[in-house]
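The values are calculated or read from the model by the stated rules, or taken from the named source; none is laboratory data. Since the model is a prediction, treat every value here as computed from it, not as a measurement. Virtual Cβ from ideal backbone geometry, glycine too; neighbours counted across all protein chains shown. SASA here: full protein model, heavy atoms, side chains in, ligands and nucleic acids out. Shrake-Rupley method; radii C 1.70, N 1.55, O 1.52, S 1.80 Å.
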Amino acid sequence: MNSSTLSGTLNLFRYYKQLTEKAITQLSDDQLHKDPGADLNSIAVLMKHLSGNMKSRWTHFRTEDGEKPWRNRDTEFVDDFRSMTELMNFWEEGWKVLFEALHSVKEEELDNIIYIRNEGATVRVGIDRQLAHIAYHVGQIVLIARLFTGEKWESLSIPKGKTEEYNREKFGSEKKFGFYKDRLK
């Protein structure tokens, strides 16, 4: 992807991936697999669903429908991971497919039509749809992680009561071009 818009979109995908990973480092293995309530999904299940969705949508996206016949979406909502390593490997597989696909997109392809469940949309809309889907579930993951950690939570953004201090630091330095997710490092 060559344009600054596509580059910015890639940065947003990386940001949401990193946000999830920073949130889950604050949890125990049990908390990753714990359902936060009746008929609610655990963080492990949400991560499994996101990975399965990315694999289906972006594998051969130019020539095949984004809802693959080999995808079993319902099983994405069953936590069958036996280890943290297994969960993280599954998680990384989805992101690998997504990033490889997006890096292959040429700007002139953005208005080409792709299909998801037989419904046509431009590549640009498919990318936006994926970003929205990921942001939606990452928000859930961060909220669940925050609820499980309670007072031990380490903020992933500007902590409560620290806005003035943060702004003082930002406005006390020279203007520069950057991406806000860089502070998650």
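Over 30 Å between C-alpha atoms is what I'm after, so list which of K22/K55; K106/K176; K34/K96; K17/K106; K96/K152; K17/K160 land there. Display every interim value, and only then the final one.
Numbers: K22/K55 22 Å; K106/K176 28 Å; K34/K96 26 Å; K17/K106 23 Å; K96/K152 32 Å; K17/K160 23 Å.
The answer is K96/K152.
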Check: Mind listing the phi-derived Karplus ³J(HN,Hα) values for the stretch 61-71, rounded to whole Hz, using 6.51, -1.76 and 1.60 with θ = phi - 60°, and x for any glycine or proline?
Finding: 5, 6, 10, 10, 4, x, 9, 6, x, 7, 7
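Would you please report the Å³ per residue occupied by the convex hull of the alpha carbon atoms in the chain?
On the way: hull volume 24.6 nm³, N = 185.
Here the figure is 133 Å³ per residue.
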Notebook entry, point to check: In units of 2.2 N^0.38 Å, what is the alpha-carbon radius of gyration of the stretch 18-78?
Noted result: 1.32
Notebook entry, point to check: Mind checking which of Y166, Y15, Y136 has the largest fluctuation in a GNM of the chain, springs on alpha carbons under 10 Å?
Noted result: Y166
Checklist line | Separation of the N72 and D128 label points, Cα + 7 Å toward Cβ, nm | finding: 3.5
Check: Using heavy-atom solvent-accessible surface (probe 1.4 Å) with all chains present, what is the largest-first order of H133, H60?
Finding: H60, H133
Check: Distances over 24 Å make up what percent of all Cα-Cα pairs in the stretch 1-111?
Finding: 32
Notebook entry, point to check: Considering only protein heavy atoms, what is the solvent-accessible area of T25 at a probe of 1.4 Å, reported in Å² to the nearest 10?
Noted result: 110
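Can you tell me the length gained on complete extension of the stretch Y115 to R62, counting 0.36 nm per residue apart and subtracting the Cα distance?
On the way: separation 53, 0.36 × 53 = 19.08 nm, distance 0.85 nm.
Result: 18.2 nm gained on full extension.
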Next item on the list: Could you tell me what percent of the accessible area of the chain is made up of carbon and sulfur, with a 1.4 Å probe and every protein chain present?
Entry: 50
Next item on the list: Any chance you could check the Cα centroid distance between the stretch 81-103 and the stretch 106-175 for me, in angstrom?
Entry: 18
Notebook entry, point to check: How big is the accessible area of D29 in square angstrom, nearest 10, if you roll a 1.4 angstrom probe over the protein chains?
Noted result: 90
Item checked: Relative compactness, the stretch 103-173, computed as alpha-carbon Rg over 2.2 N^0.38 Å -> 1.73
Notebook entry, point to check: Hey, how much of the P(r) for the stretch 51-146 falls beyond 22 Å, as a percent of Cα pairs?
Noted result: 31
Next item on the list: Just reorder W70, W153, W95 by solvent-accessible area, largest first, 1.4 Å probe, all chains present.
Entry: W70, W153, W95
